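What follows is calculated from the coordinates using simple rules that are stated; it is not laboratory data. Because the structure is a prediction, the values reported are computed rather than measured. Note that each Cβ is placed from the backbone with ideal geometry, even for glycine, and that neighbours are counted across all protein chains shown.
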């Protein structure tokens with residue numbers, strides 16, 4: 001009787017472990033984009049997405065906070081920005097970094113507010 005009750009607990013623990021591993025493994029990692037800002041930039045950042053020929057990962061931004069990337073995140077993915085400027089490095093993720101999309105889910109831009 002003791003062996004049978006341990007088998008039930010062991011089976012339940014094994015099923016719980018497998019379920020946890022599958023649920024964690026199925027979540028999509030966010031797309032990561034490095035954005036290089038001009039010195040002392042703060043304010044609105046606007047990176048236009050899905051631009052052929054633009055950099056995919058390391059995006060330069062002008063003095064107005066505008067940039068372009070060939071990255072085109074699908075609707076099941078979020079975004080994480082590595083913002084690099086003279087002497088500072090900021091990581092921005094959802095909800096501070098937002099992806100604007102068309103009605104059918106195609107990404108059009110990535111927007112974020114860069115603090116001083």
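Among the residues of the range 103-116, those that are assigned to a loop (DSSP other than H, G, I, E, B) and either over 15 Å from residue 78 (Cα atoms) or touching a helix residue (DSSP H, G or I) at 6+ places or on another chain (Cβ under 7 Å) (or both) comprise 103, 104, 115, 116. Reported count of residues in the range 85-97, each being assigned to a strand (DSSP E or B), loosely packed, with under 15 Cβ neighbours inside 10 Å and in contact (Cβ under 8 Å) with a residue 12 or more places away in the chain, is 1.
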